Amino acid sequence: SAFQQHADGSVQHLRVRHNDTVIAINAQRFVFAAGEGNEQLSALLNITKPAMQRRPLRQVLVKHEHPYRLYAHCMGTNASPRLTISSHPSRDGKMVWYLGGDLATDGATQSDDTVLSRAKSELEALFPWLDFASSEWATLYINRAEPQQKGLIKPDKAFAETARECANVIVGWPTKLTLSPNMADEVCALLTADNIQASGAEPDKVLAALPRPVVGTPCWDSIF
């Protein structure tokens, strides 16, 4: 794949090779929503603004026998959550809790053993009536991709902005997946402000001839 640009830096089209055919994709606006991959996409077009920052995290996953889903912020004395929990059923039917918050932020510079020990202590303190003795535990080191902020502060909402050097490219980061709908709203607001509307059905015919990407394997099914 390769971008072709006009003299002013805007995208003329995106060239995609499918088997032996090269397809040129034209659009009124190209939206970059590739998370950490936005940095590489922007570099292909020499886009410097908006810029990206990374927030390293070491998440903890605990696979247990408790059947109920929980989505919660456990607050302590900090402004940020002491612990965040989301629930995800795994392929074998067991529930996986995905643990973040201060646990994951602090854990970015700690060893796996240290983070796991703290996670077990936190669950014991916060849910003393639950037994996690037979649970499976794992960690996942990731980078959260965000729009660059002064002092690396954490954005308080999703972000989308027209690229400074490329007038028909919008770069967006939800900052976290729960804010993905908010990022879609931000993109739609930019499209509306520029009076961008869908036109014609021809793109649907072209896309129908291309293979559809498969859904990725969730981390809780690949780690355990």
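The values are calculated or read from the model by the stated rules, or taken from the named source; none is laboratory data. Predicted, not measured: the structure shown is a model, and the values here were computed from it. In this analysis, Cβ positions are derived from the backbone assuming ideal geometry, glycine residues included, and neighbour counts consider all displayed protein chains. Note: areas computed on protein heavy atoms with side chains; ligands, DNA, RNA excluded. Shrake-Rupley method; radii C 1.70, N 1.55, O 1.52, S 1.80 Å.
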Exercise. Count the net charge of all other residues whose Cβ sits under 12 Å from the Cβ of Arg144, scoring Lys and Arg as +1 and Asp and Glu as -1.
Key: +3
Quiz item: In percent, what relative contact order does the stretch 80-202 have, based on Cα pairs under 8 Å that are 6 or more apart in sequence?
Solution: 13
Practice problem: Would you please calculate the Kirkwood hydrodynamic radius of the stretch 33-131 over all C-alpha pairs and express it in Å, rounded to one decimal? | Solution: 15.6
Exercise. Answer with one residue from His64, Ala138, Ala33: the one whose Cα lies farthest towards the positive end of the charge dipole of the stretch 1-153, charges on Cβ with Lys, Arg +1 and Asp, Glu -1.
Key: Ala33
Exercise. Taking the dipole about the Cα centre of the chain, with the C-beta of Lys and Arg at +1 and of Asp and Glu at -1, give me whichever of Ser121, His6, Ser90 is farthest to the positive side.
Key: His6
Exercise. Search the structure for amide H atoms under 5 Å from the amide H of Ser135, placed 1.01 Å from N in the peptide plane, and list their residues when 5 or more places away or on another chain.
Key: none
Self-check item: Whole-Hz ³J(HN,Hα) from phi, Karplus 6.51 cos²θ - 1.76 cosθ + 1.60, for the stretch 60-72, glycine and proline x
Solution: 10, 10, 10, 9, 9, 8, 6, x, 8, 7, 9, 10, 8
Quiz item: In whole Å, what three semi-axes, largest first, describe the equivalent ellipsoid of the chain built from its Cα gyration tensor (square root of 5 times each eigenvalue)?
Solution: 39, 21, 16
Practice problem: Return the carbon/sulfur percentage of the accessible area of the chain, one whole number, probe 1.4 Å, all protein chains in place. | Solution: 52
Quiz prompt | Probe 1.4 Å, protein heavy atoms only - accessible area per residue of the chain in square angstrom | solution = 61
Quiz item: Which cross-chain or sequence-distant (5 or more) residues have an amide H under 5 Å from the amide H of His13, H modelled 1.01 Å from N in plane?
Solution: Gln4
Self-check item: Cleavage-rule hits (GluC sites (Glu not before Pro)) in the stretch 121-199: DSSP loop, at most 16 neighbouring Cβ within 10 angstrom
Solution: Glu165
Quiz item: What is the gain in length, in nm to one decimal, between Arg212 and Ala138 on full extension, counting 0.36 nm per residue of separation less the C-alpha to C-alpha distance?
Solution: 23.5 nm
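Only Cα pairs under 8 Å and at least 6 apart count here; give the relative contact order of the stretch 1-62 as a rounded whole percent. Could the numbers behind the result be given before it?
On the way: 49 pairs, mean separation 12.2, N = 62.
Dividing the mean separation by the residue count of the stretch 1-62 yields 20 percent.
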Quiz item: Taking 0.36 nm per intervening residue step and subtracting the Cα-Cα distance, what contour gain separates Ser87 from Phe127 on full extension?
Solution: 12.9 nm
Quiz item: When the label point is put 7 Å from the Cα of Asp194 along its Cα-to-beta-carbon vector, which residues of the stretch 28-69 have a backbone N closer than 20 Å?
Solution: 28-35, 38-52
